[in-house]
Amino acid sequence: VANRSYYAVFSAMRAVLALDSFDSKKHSGIIAEFRRRYLKTEILPKELSETIDSLVEIRQGSDYDDFYIVSKEEVTLQLKNARLFVTEVEKYLKGKGIASIISIKSMPFCFIPEFDPQFHCPEQIVRPAHLRSFRSEASE
């Protein structure tokens, strides 16, 4: 459970960066670019950087350390912080014409562009690569 909060935030960062046609094979690349484009410029609250740091630390420990233990209190805090992060990203995306970020069982998020009623969640999940191609097709 502890690392799922990180992946929710990571997916939200990738979604925002997909609007800029940016992706990276490395988690560190996504994080660095998100910070550079959205937190340092204060498009999104720069305090979100602290949330990223704490989530990365717990994700690293829980994914790679066989004996890593996270307290119930820490997991509760991480879930709360991830929800706040995703809420901020949702506000930003809604301003860009993306209707919502919706939690579903099989994927952390799906994206529903308001301007295309043919997209239905969870049947059609728009991942960053698909979102990039959709945006480029829509602009032609």
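The values are calculated or read from the model by the stated rules, or taken from the named source; none is laboratory data. In this text the structure is predicted, and so the values were computed from the model without any measurement. Because the Cβ atoms are built from the backbone with ideal geometry, glycine has one as well, and the counts that use them run over all protein chains shown. Side chains are part of the model used for accessible areas, which takes the heavy atoms of the whole protein and leaves out ligands, DNA and RNA. Shrake-Rupley method; radii C 1.70, N 1.55, O 1.52, S 1.80 Å.
Counting only heavy atoms of the protein chains and using a 1.4 Å probe, TYR68 has close to 80 Å² of accessible surface.
Across the options SER28, LEU55, LEU44, the greatest Cα extent toward the positive end of the charge dipole of the stretch 19-62 (unit charges at beta carbon of Lys, Arg, Asp, Glu) belongs to SER28. Highest average first, the peptides 76-83, 39-46 ordered by how many other beta carbon atoms sit within 10 Å of their residues are 76-83, 39-46.
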